[in-house]
Amino acid sequence: MVLTPSQMVPLGTPAHDFILIEPRSGKMRSLEELRSDKGTVIIFMCNHCPYVIHIMPALVPLSKEYTKKGISFVGINANDIENYPDDAPDKMIVFQEKWGFDFPYLFDETQQTARAYQAACTPDIFVFDGGMKLYYRGRFDATRPGSGSSPTGEDLAAALDALLAGKEPPKEQFPSVGCNIKWKS
């Protein structure tokens, strides 16, 4: 594992279209189908990263709370499964069932979507407004594995609250940090 920060793509950047497989359903899912007119959260994540595992106890209820408010959530795993078999599509289904999250968890086998978003780490969080322009990017909250603090999702929740209230994006946005995306050679 290489501790890697997110790239902090410029706010206002448009979302990139994608069509990716959802292992749980076996269906191809598109951004157009999954997006919300209120806001869309795209999280680059994986099954084995301790930084992703650390936030899961708070991410699951947060996603359920904000889905009720009209926000769409999408998880994307772009890791190289040849060298990291714990992130394979069949294991994604097990991970999703273990944590009980309902949002789509897609597999980016070619890694083209991760590259288009300039995703660098897991978790790498992008929030798009109803017009699919980047509104927030960065960390879930300030906690880290082994810090002795439980995750809250306060940074993501504050951004989503501001978005839903029609406010400007939070001025201070901190990069996410986590495991680097496992790029194919």
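What follows draws every value from the coordinates through simple rules; no lab data is involved. Everything quoted here is computed from the prediction, not taken from an experiment. Every residue, glycine as well, gets a Cβ built from its backbone with ideal geometry; the counts of neighbours run over all protein chains shown.
Structural remarks
- Ranked by the mean number of other Cβ atoms within 10 Å of their residues, highest first, the peptides 33-39, 133-139 fall in the order 133-139, 33-39.
- Length added when fully stretched, residue 97-residue 116, from 0.36 nm per residue minus Cα-Cα: 4.0 nm
- Axial C-alpha extent at least 27 Å, average Kyte-Doolittle at least 0.0 - helices from the chain (DSSP): 50-68
- Segment residue 11-residue 109, length gained on full extension (0.36 nm per residue, minus Cα span): 32.6 nm
- Segment residue 86-residue 162, length gained on full extension (0.36 nm per residue, minus Cα span): 23.8 nm
- Whole-number percent relative contact order across the chain, with pairs defined as alpha carbons under 8 Å at least 6 apart: 34
- Antiparallel bridges, percent of DSSP beta bridges restricted to the chain (to nearest 5): 70
- In plain terms, the bigger the Kirkwood radius, the slower the diffusion; for the chain, with that radius from Cα pairs, at 4 °C and 1.567 mPa s, Stokes-Einstein puts D at 80 µm²/s.
- Lysine pairs in region 35-185 whose alpha-carbon atoms fall under 25 angstrom of each other, counting only those eight or more residues apart or on distinct chains, come to 22.
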